[in-house]
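A short write-up of the structure that comes next.
The values are calculated or read from the model by the stated rules, or taken from the named source; none is laboratory data. Computed from a prediction, not measured in an experiment: that's the story for all the values here. Cβ placement follows ideal geometry from the backbone for every residue including glycine, while neighbour counts extend to all protein chains displayed.
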């Protein structure tokens, strides 16, 4: 989500828009699991309420990303409020915080959505979900800057698989670690950090084919993706993954679970491989099959590159957002 917003801002600045950014990087929040989003929601809403952009007057648009930013969107001094959803938020939170009652989560979510003049979602799954709740939702997918991708990769091992993302339960990295404990001849690079990191390292202890590279700058992380034979994303819940988009655009074949935006992004056997969630066996079988069929990998990467360039470039997505900003989407 952060990468999506950074790229959006970059594109808007080039088009002459004036942008003010409110994020965890410049707003007080408690950096602890379970209270991070809640504390950011409260402090950011106070910040937007107290900040009156005068002169020249209220902002033309406030654009919030995901439900924790909705309260700040509501209290901001702005003419139009747009909320972008990166997946089905209530399901994502339920996966992370199972102690929270789902009914309360859904009611809070519906209330937050009612504050927006226009709602967008990055995947068709999320669009359908929120339309069932009675909202008008525009699909505006995640996108990538094709010009920013590296032309050369880093290959540390002869057979190398990479995962890039948050080390948290909803991403299914625990399943990936369990799979690679059973395929020691293939090396796994894990790039990222998160609440499950220490647990994952403990589970992988003693297995020399599982490597934790930690959080890396995007440019560096992409060189490992470019140099890998496969990128695997075993998510339990997912919106529309920028990591998948970037891998496909660079020609790195992908394996992902049949959840969220993965289903609309990947056509099984043509632009990537889809597996069932929660299945260590499926992960092992898909990886083993991919390495046994280099001609398949070559075909998958070629078709994936064409799909990303034509449908998920920032040139296309930026225009969709600007149309919402300037149009009458109330």
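Worth pointing out:
- Among the numbered conditions (1) assigned by TED's automatic domain parsing to the domain that holds residue 221; (2) in contact (Cβ under 8 Å) with a residue 24 or more places away in the chain; (3) crowded, with 17+ Cβ neighbours inside 10 Å; (4) within 22 Å of the chain's Cα centre (by Cα), the only one that residue 274 does not meet is (2).
- Residues of segment 41-76 satisfying the condition of being under 30 Å from residue 196 (Cα atoms) and assigned to a strand (DSSP E or B): 64, 65
- Output for segment 194-224, where each listed residue is within 23 Å of residue 91 (Cβ to Cβ) and assigned to a loop (DSSP other than H, G, I, E, B): 194, 195, 196
- Residue 116 part of a helix (DSSP H, G or I), surrounded by 15 or more Cβ atoms within 10 Å (Cβ to Cβ), over 21 Å from the mean Cα position of the chain (by Cα) and at pLDDT 95 or above: no
- Unique match (being over 27 Å from residue 145 (Cβ atoms) and in contact with a strand residue (DSSP E or B) (Cβ under 6 Å, 6 or more places away or on another chain)) among 262, 209: 209
- In the set (1) surrounded by 20 or more Cβ atoms within 10 Å (Cβ to Cβ); (2) within 30 Å of residue 319 (Cα to Cα); (3) in contact with a helix residue (DSSP H, G or I) (Cβ under 7 Å, 6 or more places away or on another chain), the condition left unmet by residue 221 is number (3).
- Filter result (in contact with a helix residue (DSSP H, G or I) (Cβ under 6 Å, 6 or more places away or on another chain) and at pLDDT below 95) within segment 49-65: 49
- Search result, residues across segment 158-185 that are assigned to a loop (DSSP other than H, G, I, E, B) and free of Cβ contacts under 8 Å to residues at least 40 places away in the same chain: 158, 166, 167, 181, 184, 185
- Test: residue in segment 84-94 that is modelled with pLDDT of 85 or more and not in a loop (DSSP other than H, G, I, E, B): yes
- Total residues in segment 263-280 satisfying the condition of being closer than 19 Å to residue 174 by Cα and out of contact with any helix residue (DSSP H, G or I) (no Cβ under 6 Å at 6 or more places or on another chain): the figure is 4.
- Options 317, 259: the member that is farther than 18 Å from residue 159 by Cα, assigned by TED's automatic domain parsing to the domain that holds residue 62 and not in a strand (DSSP E or B): 317
- Residue in segment 11-22 that is in a helix (DSSP H, G or I), touching a residue at least 12 places away in the same chain (Cβ under 8 Å), crowded, with 16+ Cβ neighbours inside 10 Å and over 22 Å from the mean Cα position of the chain (by Cα) present: no
- The selection criterion, being touching a helix residue (DSSP H, G or I) at 6+ places or on another chain (Cβ under 8 Å), within 16 Å of residue 161 (Cα to Cα) and in contact (Cβ under 8 Å) with a residue 40 or more places away in the chain, holds for residue 283.
- Of all the criteria given as (1) part of a helix (DSSP H, G or I); (2) in contact with a strand residue (DSSP E or B) (Cβ under 7 Å, 6 or more places away or on another chain); (3) surrounded by fewer than 17 Cβ atoms within 10 Å (Cβ to Cβ), the one not satisfied by residue 38 is (2).
- Cross-chain or 6+ apart pairs with Cβ under 9 Å, segment 249-260 first and touching a residue at least 60 places away in the same chain (Cβ under 8 Å) and at positive phi, then outside any loop (DSSP other than H, G, I, E, B) and crowded, with 24+ Cβ neighbours inside 10 Å: 260/126
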